[in-house]
Amino acid sequence: MAEARRATENTFGFLDEMRELPSLPQVLVKIARVASDPKASAAEMAEVILRDQALTLKLLRIANSARYALYAQRVTTVSRAVMLLGFQSVRAMSLGLGTYHLLSALQRGGAILEGFWREAISTAVICQELAGLFGVTVSEEAFVAGLLHDVGKLVLAQHDPERASQLYGSAPRGPGLLAAERELFGVDHTGVAGELARRWELPEVLRKAMTQHHRCFSAPPSDRGDLLAFLVSAAKTLSGALSGDSPDAHDLAPKLARVLRKPVGPVLGILQGLPARLCEYASFFEIEVGDLKVYALWVEEENRRLSDVFSEQEGERRRTEARRAEMAAIREVHALLVQGAARETVILRVLRAAREIAGSRRTVVGLGGGPAAAVRPAWADGDVTPAFLEGFVFPRDEEGVITEVLRAGQTVHAFDARMPYFSRLLSAREARTLDAPCFAVLPILKDTETIGVLYADRNEGEEPFHDDDIETLATLADLISLALRG
């Protein structure tokens, strides 16, 4: 134990020599102690916070921010802010604000100082938002973990600005960065961060996040500290997209969803809300976040692209389900025919399939008794009324859609019956009766002769029949033809 202590002192001895590196203010130490006391009250916590005017003002701003403003009444007292935010949230946010105030005073470091706190605040906000997907009860801990994850770099840069500029200017990443740091400084930034966490008596979950965020996790861990480290790692990836530095941003949302083991929809929802959250928190820390237009355009493009992908996947899923249902209906109808079921039983089963598979509102089988006879309803299913069936009588000598299908033996799909093209096809009688905005009329054949039609329509506001639906209806019309031969 003594040897381990001496090794630690030798490794981090340079921290003792850095006069610029301050100790954690007593107000933050006392806040942590009050938060850990189960008997402490909001008034006691407020009393400690009020000793630091800057911290008091910032916590009140946070309590009145969009994230926490649940009520119309503004939060004007620290005790009310403590009650609203909760003890652990106040402790976490106080640590974040306090340590930022300490470390932002470190001004040496060359290249690393450029955008360091902008990336830190971006990672913090993203980490806090992602924490919501995992039900983290104190999401502010995730925020602080993201804010402080790279502070070791800042300290190393303060210790040796020349070497830090050389290293961080070349921008190695991941294990390569840690190895390069150990070669140059004898320690990497995660080790420095862990030592700072120990000296400042930060909670163990934060120390884990600060030291383990370069670790590779095969799945989201259950341990709270490991989970924060995992979220920091994921948030760093998104932080690059926010600044426009991510070269592979176009596929980032689905990749991140796979890493998080979460649906891509909620992940993309978080991405959309990030600019507003980032600007809000950046104002608390008085950090410039720059122009986020590139990021906004990227999210918009991701939304559009993923919407197309989902639409295509949904269409394929719907087609697969329809094919299965269609095959099941065909097998059932064939079984009825083999069993010698009544014609009406068979055809009504086919019409029910048209409603279930093709999504029709009304389906009607119209037959004509001879070449000169009018087409009349023989069987119907769905939302048909006596008035509709009474009007469904179409003489063959009247030019219209029904007679055109009977004459040519071809399907007519009026995907928008209000369009001039389709309205010109309809006879006056058809225009009165076939009042649906979308309908299809398919021929029913006996040998080579068209003896009737299968009519199907959809409700106002529904999508027109897709090509797959028309194919399904054509298959069902063939089954009706088969039933009529029996």
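The values are calculated or read from the model by the stated rules, or taken from the named source; none is laboratory data. These numbers come from a predicted model, not from an experiment. Cβ sites come from the backbone with ideal geometry, for glycine too, and all protein chains shown count toward neighbours.
In contact (Cβ under 8 Å) with a residue 60 or more places away in the chain and assigned by TED's automatic domain parsing to the domain that holds Ala378: which single residue out of Asp447, Asp469, Asp478 fits that description?
Asp469
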| field | Counted residues, region 440-467 - those being over 36 Å from the mean Cα position of the chain (by Cα) and not hydroxyl-bearing (Ser, Thr, Tyr) | value | 14
| query | Among Arg355, Arg396, Arg319, which is in contact (Cβ under 8 Å) with a residue 12 or more places away in the chain, over 15 Å from Ala456 (Cα atoms) and either in a helix (DSSP H, G or I) or of a type in the set (Phe, Trp, Tyr) (or both)? | reply | Arg319
| remark: Scanning region 367-393 residue by residue, those closer than 26 Å to Glu463 by Cα, of a type in the set (A, V, I, L, M, F, W, C) and not in a loop (DSSP other than H, G, I, E, B) turn out to be Trp379, Ala380, Ala387, Phe388, Leu389
| field | Residues located in region 383-412, provided they are among the hydroxyl-bearing types (Ser, Thr, Tyr) and surrounded by 13 or more Cβ atoms within 10 Å (Cβ to Cβ) | value | Thr403, Thr411
| query | Is there a residue being at pLDDT below 80 and within 25 Å of Gly191 (Cβ to Cβ) anywhere in region 292-308? | reply | no
| field | Residues of region 38-66 that turn out to be surrounded by fewer than 18 Cβ atoms within 10 Å (Cβ to Cβ), in contact (Cβ under 8 Å) with a residue 40 or more places away in the chain and within 21 Å of Glu286 (Cβ to Cβ), as a count | value | 4
| note | Residue hits (region 417-452; among the β-branched types (Val, Ile, Thr) and part of a strand (DSSP E or B)) are Val441, Ile444, Thr450, Ile451
| Counted residues, region 73-102 - those being assigned to a helix (DSSP H, G or I), surrounded by fewer than 18 Cβ atoms within 10 Å (Cβ to Cβ) and of a type in the set (S, T, N, Q) | 2
| Total residues in region 399-410, condition of a type in the set (Asp, Glu) and outside any helix (DSSP H, G or I) | 1
| query | What number of residues within region 259-268 satisfy the criterion of being loosely packed, with under 14 Cβ neighbours inside 10 Å and modelled with pLDDT under 80? | reply | 1
| Answer from Arg376, Arg355 - the residue that is surrounded by fewer than 18 Cβ atoms within 10 Å (Cβ to Cβ), out of contact with any Leu (no Cβ under 8 Å at 6 or more places or on another chain) and within 22 Å of Ala414 (Cβ to Cβ) | Arg355
| query | surrounded by 15 or more Cβ atoms within 10 Å (Cβ to Cβ) and at pLDDT 90 or above: does that describe Val365? | reply | yes
| request: Name every residue in region 176-219 that is surrounded by fewer than 19 Cβ atoms within 10 Å (Cβ to Cβ) and farther than 30 Å from Met93 by Cα, in order of residue number. | output: Gly176, Ala179, Ala180, Arg182, Glu183, Leu184, Gly186
| request: Using the structure shown, decide if Gly244 is in contact with a helix residue (DSSP H, G or I) (Cβ under 8 Å, 6 or more places away or on another chain), modelled with pLDDT under 75 and not in a helix (DSSP H, G or I). | output: yes
